[in-house]
Amino acid sequence: ESIEEQGKMTPELHQQILLADNLVALEDIYQPYKPKRHTRASIAREKGLEGLATLIIKQSRVPESMDKIVKPYLNDKVANVEEALAGARDIVAEMISDHTEVRKTLREKALVWSLLQSSKLAKADDPKLVFESYYEFEYQVDRIKPHQVLAINRGEAEEVLSVSVNITERDWRNAIGAYFRPDSRSPFAAQMELAIEDSASRLLLPSIERDVRKTLTEKAEAHAIKVFASNLSSLLTTPMLAGYVVMGLDPGFRTGCKVAVVDPTGKLLDIATIYPHEPQKKSKEALETLEKLVNKHKVNLISIGNGTASRETEQLVAQLTRSIDGLNYVITSEAGASVYSASPLARSEFPDLDVSIRGAVSIARRVQDPLAELVKIDPKAIGVGLYQHDVDQKELSNTLGGVVESVVNRVGVDINTASPALLSYVSGIGQKLAERIVEFRNENGAFANRTQIKQVSGLGPKAFEQAAGFLRIRNGDNPLDASAIHPESYHIAAEIIKFAKIQPDDSIQIKTHAIDELRKTKNIDSLAEQLKTGVLTLTDILEQLVRPGRDPRQDLPAPILRSDVMSMEDLVVGMKLKGTVRNVVDFGAFVDIGVKQDGLLHRSQFIPGQIPQVSDVISVEIIKIEIERGRISLKMAG
């Protein structure tokens with residue numbers, strides 16, 4: 001529309017626009033026609049110098065002297081020949097910079113061959129040497145890693161680094177020279193050369209540098225979001241530690257350690273605050289308090305948050321575990337606990353509790369059912385990403401929300417115990433509808449079957465169709481309601497049950513044998529055709545009939561439970577340990593091996609084909625210990 005308003009649209013240009021297959025290509029086509037601010041070229045056009053610029057572009061061969069050629073362009077706004085030529089060169093420089101093919105060619109070269117360079121600003125303050133690796137940094141653009149791009153961007157934003165993109169003269173001259181070239185036989189050859197130099201230094205190179213930086217940043221952010229999403233998915237699928245009475249400890253120094261005890265269903269039983277560390281140093285009293293709570297509530301697992309004073313608190317708990325049989329502890333990521341504590345959801349759950357105590361409750365509950373507890377927290381606050389605060393926040397939120405929804409739907413949700421926060425991620429159910437479901441449950445008691453869900457106000461046929469297969473009802477009227485089989489497929493399940501001659505309460509062994517026999521006697525394709533369903537749907541139904549409502553998290557190794565504490569001094573090179581993956585980044589994985597400092601498993605030390613995921617329990621071997629720097633290097637052990 002903009003080009004048509006200018007009266008510059010041609011059939012060829014219109015076709016170019018229609019054929020543009022990405023935004024960058026479209027922008028390049030539009031560049032010469034884009035309304036611009038008051039530029040040097042636009043000022044020159046207003047002075048009537050476009051005709052002179054055209055002579056330079058065409059490298060016209062005219063016999064007259066330069067004074068005679070330029071004379072017609074002198075007026076009350078253009079005082080002399082040099083001023084006229086300078087204005088004309090400004091127009092030519094802008095035309096070169098706006099040329100679609102010049103920009104495209106140079107950008108393609110720059111995205112491969114240019115160098116990203118960074119250096120420390122003379123007056124920059126970087127006391128912790130966070131950006132030391134980039135004080136004198138130079139790397140070819142197509143080889144630079146996403147985490148390096150994001151680190152450099154942050155260093156620049158914090159005014160520690162100066163950053164530039166170095167494009168070789170040969171590349172930009174070749175890109176321009178393919179369309180604009182001085183003709184030695186033209187009196188305008190020198191003017192063209194000057195215009196090319198000016199266009200490159202003032203317009204084209206800065207613009208392409210911005211494009212390169214933008215492309216690198218977009219790719220790096222997309223990669224960082226992908227890494228965060230993968231880590232979050234792994235964390236949310238951490239196996240549950242069901243059946244434990246858990247004591248949650250939110251460690252702290254001056255304000256003390258907050259203590260919360262919850263029963264196996266997550267119900268809060270007791271709270272306390274202890275002061276074992278600096279400045280109070282009441283470790284004896286703290287141990288007595290913890291022991292009383294353990295004995296009173298038959299606590300068999302302690303969950304320690306991994307924040308400030310975590311390892312000091314671990315040493316205290318280790319003393320306790322040595323004197324009480326069957327008591328273990330686990331170090332738990334407390335990322336997002338403070339966000340949950342101050343949220344409206346936490347206030348509605350525990351209106352009379354102090355904010356810090358709510359954090360201890362979260363730390364306790366998240367080992368019992370990590371998914372159910374972590375969905376209460378903004379995914380961005382869970383802290384398993386890379387530079388998550390530097391990336392596009394809207395895109396990050398959308399992606400992480402999709403990850404949570406995907407995991408929730410894959411695992412399934414017990415509609416009779418789930419919180420509104422968990423229910424809101426089920427397909428077809430939003431926050432308002434989730435709250436109505438819980439209200440209905442509180443008023444009418446537990447749901448007896450899936451059909452009863454339709455009685456909830458606002459839950460129409462479409463929402464039911466989307467949600468039903470992800471909602472579980474255990475010990476209800478219909479055993480199939482505890483499975484992932486959708487009500488629409490119950491008639492198929494009933495036929496299979498009849499064919500296989502099994503009962504819903506038969507053991508897994510009996511069901512497995514019966515289904516295996518059915519597969520032998522009836523081909524899966526012909527059975528699917530007979531039942532008028534798809535092969536994939538039928539396969540899922542067969543699996544669910546054997547193990548209805550199976551939680552996929554049960555197939556993963558359980559978190560490591562510890563009963564004693566180690567320090568870096570206890571480690572030796574060659575020692576093999578079990579560790580929990582806390583975070584996965586571009587250059588490797590950080591693994592909790594039970595000492596204060598997580599070990600780094602560099603990607604070069606991965607076993608080929610085995611890429612660790614967050615919350616994985618893996619075997620590692622220590623290959624280097626730097627106690628003074630607090631660094632532990634690991635490799636994967638077979």
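The values are calculated or read from the model by the stated rules, or taken from the named source; none is laboratory data. Note that this is a predicted model, so its numbers are computed, not measured. So basically every Cβ, Gly included, is an ideal-geometry build from the backbone, and we count neighbours across all protein chains shown. What goes into the accessible areas is simple: the full protein's heavy atoms, side chains included, and nothing from ligands, DNA or RNA. Shrake-Rupley method; radii C 1.70, N 1.55, O 1.52, S 1.80 Å.
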Could you look through region 41-76, keep only residues that are charged (D, E, K, R) and within 26 Å of Gly177 (Cα to Cα), and pick out the one that is farthest from the chain's Cα centre (by Cα)?
Arg61
Among the residues listed as Lys462, Lys454, the single one being open to solvent by 30 Å² or more (accessible area, probe 1.4 Å), closer than 23 Å to His491 by Cα, in contact with a Phe, Trp or Tyr (Cβ under 9 Å, 6 or more places away or on another chain) and not aromatic (Phe, Trp, Tyr)
Lys454
Tally the residues that are touching a residue at least 24 places away in the same chain (Cβ under 8 Å), in a helix (DSSP H, G or I) and β-branched (Val, Ile, Thr), restricting the search to region 491-529.
6
Every residue from region 299-315 that is touching a strand residue (DSSP E or B) at 6+ places or on another chain (Cβ under 8 Å) and either assigned to a helix (DSSP H, G or I) or among the polar types (S, T, N, Q) (or both)
Asn300, Ser303, Asn306, Ser310, Thr313, Glu314
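Residue-wise test of (1) modelled with pLDDT under 90; (2) basic (Lys, Arg).
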site: Thr521; (1), (2): yes, no
site: Leu538; (1), (2): no, no
site: Pro548; (1), (2): yes, no
site: Glu569; (1), (2): yes, no
site: Gly574; (1), (2): no, no
site: Val591; (1), (2): no, no
site: Lys596; (1), (2): yes, yes
Ile196 is checked against (1) open to solvent by 60 Å² or more (accessible area, probe 1.4 Å); (2) over 38 Å from the mean Cα position of the chain (by Cα) and fails just one. What number does that condition carry?
(1)
Within region 294-308, is even one residue closer than 15 Å to Tyr244 by Cβ, among the hydroxyl-bearing types (Ser, Thr, Tyr) and either modelled with pLDDT under 95 or surrounded by 21 or more Cβ atoms within 10 Å (Cβ to Cβ) (or both)?
yes
Among (1) over 30 Å from Pro420 (Cα atoms); (2) modelled with pLDDT of 90 or more, there is one condition Arg472 misses while meeting the rest; what is its number?
(1)
Of all residues in region 582-618 being in contact (Cβ under 8 Å) with a residue 60 or more places away in the chain and of a type in the set (A, V, I, L, M, F, W, C), which is nearest to Ala222 (Cα to Cα)?
Val585
Considering only residues that are open to solvent by 40 Å² or more (accessible area, probe 1.4 Å) and more than 54 Å from the chain's Cα centre (by Cα), which ones fall in region 80-93?
Asn80, Glu82, Glu83
Would you please name the residue that is farthest from Asp369 (Cα to Cα), looking only at residues in region 253-268 that are open to solvent by 10 Å² or more (accessible area, probe 1.4 Å) and out of contact with any Leu (no Cβ under 7 Å at 6 or more places or on another chain)?
Arg254
Out of all the residues in region 369-378, is one or more open to solvent by 10 Å² or more (accessible area, probe 1.4 Å), closer than 18 Å to Lys258 by Cα, out of contact with any His (no Cβ under 6 Å at 6 or more places or on another chain) and in a loop (DSSP other than H, G, I, E, B)?
no
Single condition Ile274 does not satisfy, out of (1) more than 19 Å from Val384 (Cβ to Cβ); (2) out of contact with any Ser or Thr (no Cβ under 6 Å at 6 or more places or on another chain); (3) open to solvent by less than 50 Å² (accessible area, probe 1.4 Å)
(2)
Can you run down the residue pairs with Cβ atoms below 7 Å, 6 or more apart or on separate chains, where the first is in region 267-294 and among the basic types (Lys, Arg) and the partner is crowded, with 16+ Cβ neighbours inside 10 Å?
Lys282/Tyr275; Lys282/Pro276
Every listed condition ((1) at pLDDT below 90; (2) open to solvent by less than 10 Å² (accessible area, probe 1.4 Å); (3) touching a strand residue (DSSP E or B) at 6+ places or on another chain (Cβ under 7 Å)) holds for Val413 save (1)
Restricting to region 507-529, and then to whatever is open to solvent by 50 Å² or more (accessible area, probe 1.4 Å), out of contact with any Phe, Trp or Tyr (no Cβ under 9 Å at 6 or more places or on another chain) and among the charged types (D, E, K, R), can you tell me which residue is farthest from Leu542 (Cα to Cα)?
Glu529
Report yes if some residue within region 104-125 is more than 30 Å from Pro32 (Cα to Cα), at pLDDT 95 or above and of a type in the set (Asp, Glu); otherwise report no.
no
Filter region 330-352 down to the residues that are open to solvent by less than 30 Å² (accessible area, probe 1.4 Å) and over 27 Å from Val585 (Cα atoms), then identify the one that is farthest from the chain's Cα centre (by Cα).
Phe350
Pairs only if they're at least six apart or on different chains, beta carbon under 7 angstrom, first in region 468-487 and of a type in the set (Asp, Glu), second crowded, with 18+ Cβ neighbours inside 10 Å and in a loop (DSSP other than H, G, I, E, B); list them, first residue then second.
Asp481/Ile473
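Looking at the structure I just gave you, is Val163 among the hydrophobic types (A, V, I, L, M, F, W, C), closer than 22 Å to Tyr387 by Cα, in contact with a Lys or Arg (Cβ under 9 Å, 6 or more places away or on another chain) and open to solvent by less than 70 Å² (accessible area, probe 1.4 Å)? First the steps, then the outcome.
Working: among the hydrophobic types (A, V, I, L, M, F, W, C): yes; closer than 22 Å to Tyr387 by Cα: yes; in contact with a Lys or Arg (Cβ under 9 Å, 6 or more places away or on another chain): yes; open to solvent by less than 70 Å² (accessible area, probe 1.4 Å): yes.
Yes.
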Return a yes/no flag: does region 95-110 have any residue that is assigned to a helix (DSSP H, G or I), among the charged types (D, E, K, R), under 26 Å from His223 (Cβ atoms) and without any contact (Cβ under 8 Å) to a residue 12 or more places away in the chain.
yes
When every residue in region 379-392 that is over 10 Å from the mean Cα position of the chain (by Cα) and free of Cβ contacts under 8 Å to residues at least 60 places away in the same chain is compared, the one least open to solvent (accessible area, probe 1.4 Å) is Ala381
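For region 414-434, enumerate the residues that are charged (D, E, K, R) and either touching a His at 6+ places or on another chain (Cβ under 6 Å) or under 12 Å from Leu459 (Cβ atoms) (or both).
Of region 414-434, the ones charged (D, E, K, R) are 414, 432.
Lys432 - this is the single residue of region 414-434 that is charged (D, E, K, R) and either touching a His at 6+ places or on another chain (Cβ under 6 Å) or under 12 Å from Leu459 (Cβ atoms) (or both).
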